[in-house]
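Asks: Quick one: this structure, given as structure tokens, is what I'll be asking you about.
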Amino acid sequence: MNKGWAGAFVVVAMLFLATAVFAQGDPVTQGAKLYAANCAVCHGDKGEGRVGARLKDFPSINPQAFVKATVANGVSGSKMPAWSKAKGGPLTDAEIDAIAAYVSAWTTGAAPAPTEAPRPVIPLPTVAGVSGDPTRGVQVFQQNCAVCHGAQGEGRVGANLSKPFASAFPAAFVKQAVSNGVQGSVMPAWAKASGGPLTDQQIDDVTAYVLSQQKTSAPTFIEPTPAPRLAIGGGASTIIVLIVLVVVIAVIVFFSARGANRS
């Protein structure tokens with residue numbers, strides 16, 4: 001009797017474990033989480049488009065293969081970067097497969113809603129000379145920039161923002177790049193005036209946050225090179241040398257004139 005109950009318990013436990021493993025391994029469920037963490041910021045929570053393309057209609061008879069190739073390799077000449085590790089991106093082939101399965105499932109209506117846990121916000125000191133609020137800028141950055149530039153600005157598929165900018169006016173440089181994008185790169189325009197989703201205040205705030213995270217090195221003091229000095233020393237020595245030279249020249253002139261008179 002005890003053995004029968006033990007056997008039944010083992011069977012139920014194995015079924016429960018298999019169900020849990022299967023649920024965790026469901027590519028569409030995994031793809032929903034990966035999409036929320038990597039794609040929604042540009043393409044919208046439901047693929048409605050934001051600064052990236054609308055994902056509801058695919059120009060392909062095989063949407064899953066089309067999405068997989070696009071995510072893995074990017075789109076040349078557009079703001080869509082390559083996300084596969086083979087192309088320098090952060091995603092594995094399995095993760096890209098899951099995203100492709102999730103996005104292509106929209107055509108059948110079987111895709112679950114993407115979810116992402118909110119990140120904590122820590123108050124930050126203001127930045128001198130910048131009108132934005134870096135504490136509000138944290139939220140703007142996490143919601144719009146971290147997916148490409150990394151949670152700490154360390155770079156992902158976008159540039160590393162922790163290094164000092166090569167500009168005499170870094171605040172204006174960052175604001176311009178965020179507002180209008182960067183020509184010839186995958187950085188899109190985020191200002192509403194340029195077709196993006198961010199207000200001027202949000203751009204000011206995220207500019208302040210980015211500048212607050214800059215890692216600047218201490219200035220290097222270069223010792224000025226002293227002017228060359230004469231080896232003879234101070235002014236008195238110089239006068240003595242000049243007198244000696246005058247005497248020598250006078251002697252030479254005297255003897256030259258005397259020799260000329262004799263001849």
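Bear in mind that the values in this text are calculations on the coordinates, not laboratory data. The shown structure was predicted, so the numbers you read here are calculated from the model rather than taken from an experiment. So basically every Cβ, Gly included, is an ideal-geometry build from the backbone, and we count neighbours across all protein chains shown.
Asks: Pulled fully out, how much extra length does the chain show between ILE239 and LYS56, if you take 0.36 nm times their separation in residues and subtract their Cα-Cα distance?
Replies: Contour length minus Cα-Cα distance gives 56.6 nm.
Asks: Follow-up question, since we're still on this one. Please give the contour-minus-distance gain from VAL182 to ALA250: 0.36 nm per residue of separation, less the Cα-Cα distance, rounded to one decimal in nm. Before the final figure, lay out each step's value.
Replies: Numbers: separation 68, 0.36 × 68 = 24.48 nm, distance 7.65 nm.
Difference between extended and current length: 16.8 nm.
Asks: What FRET efficiency comes out for ALA65 versus GLN214 if R0 is 35 angstrom and r is the Cβ-Cβ distance? Round to the nearest 0.05. Spell out each step's value before the answer.
Replies: Details: r = 42 Å, r/R0 = 1.20.
The value I calculate is 0.25.
Asks: Points 7 angstrom from Cα along the Cβ direction at LYS85 and ALA257: gap in nanometres?
Replies: It is 9.8 nm.
Asks: Moving to a separate point now. For the cross-link pairs LYS79/LYS163; LYS68/LYS163; LYS85/LYS163; LYS87/LYS175, which exceed 31 Å when the distance is taken from alpha carbon to alpha carbon? Could the numbers behind the result be given before it?
Replies: On the way: LYS79/LYS163 23 Å; LYS68/LYS163 33 Å; LYS85/LYS163 23 Å; LYS87/LYS175 29 Å.
Cα-Cα > 31 Å for LYS68/LYS163; rest within.
Asks: Something else now. Tell me, in nm to one decimal, what length is gained between ASN160 and SER76 on full extension, where the rule is 0.36 nm per residue of separation less the Cα-Cα distance?
Replies: This chain segment gains 28.1 nm when fully extended.
Asks: If you don't mind, there's one more thing I want to ask. If r is the Cβ-Cβ distance from ASP45 to THR92 and R0 is 22 Å, what FRET efficiency results, to the nearest 0.05? Display every interim value, and only then the final one.
Replies: On the way: r = 23 Å, r/R0 = 1.06.
Efficiency at R0 = 22 Å is approximately 0.40.
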